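One structure is given below, encoded as structure tokens.
The values are calculated or read from the model by the stated rules, or taken from the named source; none is laboratory data. Owing to the predicted nature of the structure, the values given are computational and were not obtained by experimental measurement. Using ideal geometry, Cβ is built from the backbone for each residue, glycine included, and neighbour counts are taken over all protein chains shown.
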Amino acid sequence: MTMLSGETVRAATCRCGQLRVECIGEPIRISVCHCLACQKRSGSAFAVQARWPDEKITLTGDYHTWQRITDSDHCATYRFCPICGSTLTYIIEGWEGVTAVPVGAFADINFPRPSFSVYENRKHDWVEIKGEKVKHSSTPSSICKPNLKL
């Protein structure tokens, strides 16, 4: 993490390092998703992602894309490294102008905590997302997204 003109700049990379995204400023949303697709994508019991306005991110390196229709019937487009296969960014229809980055790609143990936990009806019973300010929901994030002022 660095500073640029008073704004935080965070960099995330794929596992091999050839694909990189720089994100300027604080994310507009940090969330945990328990949907089965995010579990598969992350290889874990849930996925954590942060979102920035498109104009606040810069993606460099080679990537491939893959699309799917989400449980909420929106098209999701994933950008991943063709060498190591890591998903580094994705966009979801219904969240126009916003790009999500998996928090683990930042490799930053001081990354801000999530404030939303979605698809909790698919959460493993041994998982607990703590925090007084965390909003819990069984609905998809596109339904409970905040009013974005981009």
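Observations on the model:
- Selection within segment 32-42 - at pLDDT below 80 and assigned to a strand (DSSP E or B): Cys33
For every residue, the table says whether it meets (1) at pLDDT 95 or above; (2) within 19 Å of Thr13 (Cβ to Cβ); (3) basic (Lys, Arg).
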site: Thr70; (1), (2), (3): no, no, no
site: Asp73; (1), (2), (3): no, no, no
site: Ala100; (1), (2), (3): yes, yes, no
site: Phe106; (1), (2), (3): yes, yes, no
site: Ser117; (1), (2), (3): no, no, no
site: Lys130; (1), (2), (3): no, no, yes
site: Lys145; (1), (2), (3): no, no, yes
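- Of all residues in segment 16-42 being over 14 Å from the mean Cα position of the chain (by Cα) and under 12 Å from Thr89 (Cα atoms), the one that is surrounded by the most Cβ atoms within 10 Å (Cβ to Cβ): Leu19
- Count of segment 95-116 residues which are closer than 12 Å to Val32 by Cα and charged (D, E, K, R): 1
- Condition check for Trp95 on (1) in contact with a Lys or Arg (Cβ under 8 Å, 6 or more places away or on another chain); (2) modelled with pLDDT of 95 or more; (3) more than 25 Å from Lys130 (Cα to Cα): one failure, at (2).
- All of (1) part of a strand (DSSP E or B); (2) under 12 Å from Ala100 (Cα atoms); (3) modelled with pLDDT of 95 or more hold for Arg10 with one exception: (2).
- Scanning segment 81-136 for residues that are assigned to a helix (DSSP H, G or I) and among the basic types (Lys, Arg) yields a single hit, Arg122.
- Scanning segment 43-71 for residues that are buried (at least 17 other Cβ atoms within 10 Å of the Cβ), on the phi < 0 side of the Ramachandran plot and outside any strand (DSSP E or B) gives Phe46, Lys56, Tyr63, Thr70.
- Residue pairs meeting the criteria (Cβ under 9 Å; at least 6 apart or on separate chains; first over 9 Å from Cys23 (Cα atoms) and in contact (Cβ under 8 Å) with a residue 24 or more places away in the chain, in segment 44-57; second among the aromatic types (Phe, Trp, Tyr) and part of a strand (DSSP E or B)): Gln49/Tyr90
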